[in-house]
Amino acid sequence: MRLDDARSVRRLEDFRFLTGRGRYAEDFTLPGEVRGYLVRSPHGHAAIDGIESAAARQAPGVLGVYTESDLRADGIGPLPCIAQVNTIDPLIVPPRYALARGRVRHVGDPVALVVAETRDLARDAAELIAVDYRPLDAVADAAAALSPGAPLVWDEAPGNLCYRFQRGDREATEAAFAQAAHIVEIELVNNRLVPTPIEPRAAIGSCDPAEDCLHPLLTGQGVHGIRRQLAEWVFRLPLERIQVVAPDVGGGFGMKNFLYPEWVLVLWAARRLGRPVKWVAERAEEFVSGTQGRDNRTRARLALDETGRFMALDVSTVANLGAYLSSNGPGSSTNSPATAMGGVYAIPAIFMDVRGAFTNTVPIDAYRGAGKPEANYVIERLVDIAALRLGSDPVSLRRRNLITEFPHRSALGMTIDCGRFAANLDDAAAQAEVADFPARRAAAAARGQLRGLGVGCFLETARGTPNEGAEIRFDPDGHVSLILGTQSNGQGHETSYPQIAARLLGLPIETFRLAQADTQTVKAGAGHGGARSMHQGGTALVRAAEEVIEKGRAMAAVLLQADIADVEFTAGRFTVKGTARRTDLLAVSRAATDPANLPDGMPPGLDSYVFNQSDVFTFPNGCHIAEVEVDPETGAVSIERYTIVDDYGRLINPMLTKGQVQGGVAQGIGQALLERTVYDLRSGQLLSGSLTDYALPRAEDLPPFDTSLAELPTAANPLGVKGSGQAGCIAAPQTIIAAIVNALAPLGVDHLDMPATPERVWRAIRAARGFRPLPASGAT
C-alpha cells in the first residue's frame, strides 16, 4: 500500500468539517424549541418511595415535570432488547422504562424529566425535585452477582442470571483435553470501557399534529432500527408515523446504535406539549447513561499435543450486562465472540460457555469490535502463555498452528474464505526486525529499562446486520445522489461511496452526493456497525450501478438507433460497436425522463434501487508487533515501536483505511494501558465518572505506526473488500499486553490484566521481587 496511490483521494467532507460547516444535532434549533433536563439516580440501587415535584413545577420557565406515572398513563411501552440469542433457557428481559418505575438500578438511572424554556431553567428546577430514595444493597461485579446470596437486581432473574449460552462440541473438546500432552490455563479480565466519542448524545423530538407524526432528530447510527423500536415497542404506532433523521454524527464506536430512554422522552414530551424538545447530554451524564463496553471475566484452557499443535480450546466467561438489557446487549458476549473464537488458528475442537449477569451498573452493549476483541484476546494470551510454558518462540508457535488452507471451516461453524495469516506473521516479523530485538533489549537494560516484544494476530468477522439497500438518483441539476442505508459517523463515506460510483459510472467524483440517515429519504438500511458499510452497502451500490448501466444501454440504443447488443458502456459513455456514434451517461439520463424517448416497457429515468440480500461474512486479518520499555522503579510503560501488517481485501481508499486502522489501534492501546471503569463493589457508585478519573490515550501515549496494508481480495462481494473499521482495537490489546509481559518475563511475570497502568505494573514487579503486596482498593 502506498499513500501516493491514486485511490487515496482526500476526504471530500473534510472541507465542510474543517471550516465549521458540519451540522450536528445540537446545532439545530427548531421554532418554539424548549429544553429537557433529567433527574438521575445518585444511588446504585434504591427503592423510590416518593417524588416531590411541586416546587419544580412552579419554578420560572418550567413547562412540565414528568415521572414514570405520566408515561404509564399514556401507555408508553418499555425499551426493547432485540438481540436474537439461542440460550439454554429463555433470555430474561426485564422491562426497561424511559423513567424508572419503583426502583433505580444504577447510578444515572433517569427518574424525572423537567422541560423548561432554557436548559439552565430546566436544570435549576430539577434541583428542586426531592426524591425519597430507600437505598438497597447493590452488586457491581458480574461474578459476585452470580454468587449465592448476592443482592438481586431483578426479581425476574433469580441469582441475577440473564442467560446461559453455549456453543461448540463439549464432548470433543473434553476428549481432546484428556489426550493432550500439554494444557495451559489463564484467568483474565476484559476491562469495562466507556465509549467517549467527541460528540455526546443529543436529540430533538418534534411532533407534526397535522400528520400525527413524530420526528426525532438524534445522534444515531442506525435510524431505521431506532424507528422500528420506537414505533413497534414503545409508542405502538404505524411505522410511517415516526420519521427519524440523524445529521452529522461526531463519532459513535457502536454506542450510538441503540435506542435510549432520552429518545423516548423528547418525543413523548414534544407530543404532549406541542413544542419541540431538545436534550443534550453533558459529559458526566454520558458516563452514567450511555452504554458501556466489554467487561468480561474469562477462564480459558488450551490443549496442545507433544509437537505444540493446538488440539482444543475451552472458554468459560461471565459477562456483565449492567442493570438493563440494552438493544443488542447480550450479542456482544454470545453470538459475536463465537464467530471469532479461536482466531487465526486451526483448532479442531472449541467449546464456549457464557453466563450473563445483571449488575447495578450502566448497561453494556456493542463497542468497537463487539465481542471479536474479547475472543481474540483470549486465544492470543493463551498462545503466549503456551509459548512461555513450552519454552517455544511465540512467533514459531503461532506459525505452526495458523490456518493455511482455504476455505477453512472453524470448529464453531464459520467458513473463512481466504486470509494472509502466515504471510502477515512473516511480513510483520521482518518489518519489525524481530531478529534484532535481543540487541535492542540489551541496550535498554544498559539504561536500566525492561524492554519487551509482543506479537498479536487477529481475525475479524465483519458483516454486521445482514442485507443493505442503495439507490442511485439522477438529479435535475446534473448531480447524482447516492442514497445508502449505511451511515457514516466519521469513516469518510462521502468520499468512498462516490469513489465507487465514479469508477463504475465514469463520472467525475464531484458529480456525486451522498444521502443517508433519513427514514423519509432512505428506503431501508441497517446503518453503522460490524465493519459492514463497504461490504454490504458497497455491494448494493455496485448492483444499483449495474442496473443504471443496463437501463442506460436500452435508452442509448434508441437514441443512437442501434441494437442494444451493439451498445457498449465505458468511461461514462455509451458507444455503438465499430462506429463513432456515442453519447454520455448524463445525456442519456436526461433523455430518459421524456416518455416520448423511452423504449417499450421502460419506465422513465435511469434511477435505480437495489436491496442486496447477503448474510456472508468477510474476514479481515492481520499481525501486529509492539515493543515497549518498562521503568522498573515506577511501572511506567512507553511504546517504542508498533508494526502493523493487515489484510482488508481490495482497498477503495488506502488513506482512509489507514486512518481507520490507526484510530482503532489507538483505542486498543487505550484499553490495554489506560482505560479503567471503576465501580465501588458495595454501593455501585461509579468512581471513574469523568475524564479527570478515566484516562483516554493522548498523542504522547502513542508511537508512530509502521503500517502495511496487504490486499487479498475476498469473493464475498464484488468489490473484494473486507471491513476495516474495527480491526485496530481487536489487535492492539493483546499485542501491548504481550509486550509488557515479555518485558517482565525475566522477573517471572506471565500475565497482567488490562489496563496495565503504572501502578498495576509496579505492583507486579514488586510482587515478583518478593515484596509484600500493598492493599488494593475495594473497587472493580
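Couple of notes before you dig in:
- The residues in region 637-660 that are within 23 Å of the chain's Cα centre (by Cα) and charged (D, E, K, R) can be counted, and the count is 4.
- Scanning region 701-719 turns up no residue that is without any contact (Cβ under 8 Å) to a residue 40 or more places away in the chain and either part of a loop (DSSP other than H, G, I, E, B) or in contact with a Pro (Cβ under 6 Å, 6 or more places away or on another chain) (or both).
- Any hit, region 28-46, residues being open to solvent by less than 60 Å² (accessible area, probe 1.4 Å), under 30 Å from Gly168 (Cα atoms) and either modelled with pLDDT under 95 or of a type outside the set (Asp, Glu) (or both): no
- For region 266-303, taking the residues that are of a type in the set (D, E, K, R), part of a strand (DSSP E or B) and more than 21 Å from the chain's Cα centre (by Cα), the one that is surrounded by the fewest Cβ atoms within 10 Å (Cβ to Cβ) is identified as Arg299.
- Of residues in region 331-360 being within 20 Å of the chain's Cα centre (by Cα) and of a type in the set (A, V, I, L, M), the one nearest to Cys81 (Cα to Cα): Ala338
- Pro158 open to solvent by 50 Å² or more (accessible area, probe 1.4 Å) and not charged (D, E, K, R): yes
- Pick from region 154-199, criterion of a type in the set (A, V, I, L, M), within 29 Å of the chain's Cα centre (by Cα) and part of a loop (DSSP other than H, G, I, E, B), ranking: farthest from Asp141 (Cα to Cα): Ile198
- Filtered residues of region 350-394 (kept if open to solvent by 10 Å² or more (accessible area, probe 1.4 Å) and farther than 21 Å from Pro330 by Cα): Asp384, Leu388, Arg389, Leu390, Gly391, Ser392, Asp393, Pro394
- From the list Glu633, Glu640, Glu627, the one residue that fits, being outside any strand (DSSP E or B), over 17 Å from Pro713 (Cα atoms) and either open to solvent by 10 Å² or more (accessible area, probe 1.4 Å) or touching a residue at least 60 places away in the same chain (Cβ under 8 Å) (or both), is Glu633.
- Yes/no for Ala731 being within 28 Å of Ala144 (Cα to Cα), surrounded by 24 or more Cβ atoms within 10 Å (Cβ to Cβ) and touching a residue at least 60 places away in the same chain (Cβ under 8 Å): no
- Residue list for region 99-151, restricted to those being touching a Pro at 6+ places or on another chain (Cβ under 7 Å), part of a loop (DSSP other than H, G, I, E, B) and closer than 16 Å to Gly64 by Cα: Leu99
- Taking the numbered list (1) over 28 Å from Gly252 (Cβ atoms); (2) in contact with a strand residue (DSSP E or B) (Cβ under 7 Å, 6 or more places away or on another chain) in turn, Gly578 passes all entries but (2).
- Within region 448-487, restricting attention to residues that are open to solvent by 10 Å² or more (accessible area, probe 1.4 Å) and hydrophobic (A, V, I, L, M, F, W, C), the residue that is nearest to the chain's Cα centre (by Cα) is Leu453.
- So Gln660, is it more than 30 Å from Arg503 (Cα to Cα), assigned to a helix (DSSP H, G or I) and of a type outside the set (D, E, K, R): no
- Test result for Arg398, open to solvent by less than 30 Å² (accessible area, probe 1.4 Å), part of a helix (DSSP H, G or I) and of a type in the set (D, E, K, R): yes
- Restricting attention to region 401-410, the residues that are open to solvent by 40 Å² or more (accessible area, probe 1.4 Å), over 14 Å from Thr714 (Cα atoms) and not β-branched (Val, Ile, Thr) total 2.
- In this structure, Gly525 does not qualify as in contact with a Lys or Arg (Cβ under 7 Å, 6 or more places away or on another chain), open to solvent by 10 Å² or more (accessible area, probe 1.4 Å) and not aliphatic (A, V, I, L, M).
The values are calculated or read from the model by the stated rules, or taken from the named source; none is laboratory data. On a predicted model such as this, the values are computed, not experimentally measured, just so you know. So basically every Cβ, Gly included, is an ideal-geometry build from the backbone, and we count neighbours across all protein chains shown. Areas reflect the complete protein model, heavy atoms only, side chains present, ligands, DNA and RNA absent. Shrake-Rupley method; radii C 1.70, N 1.55, O 1.52, S 1.80 Å.
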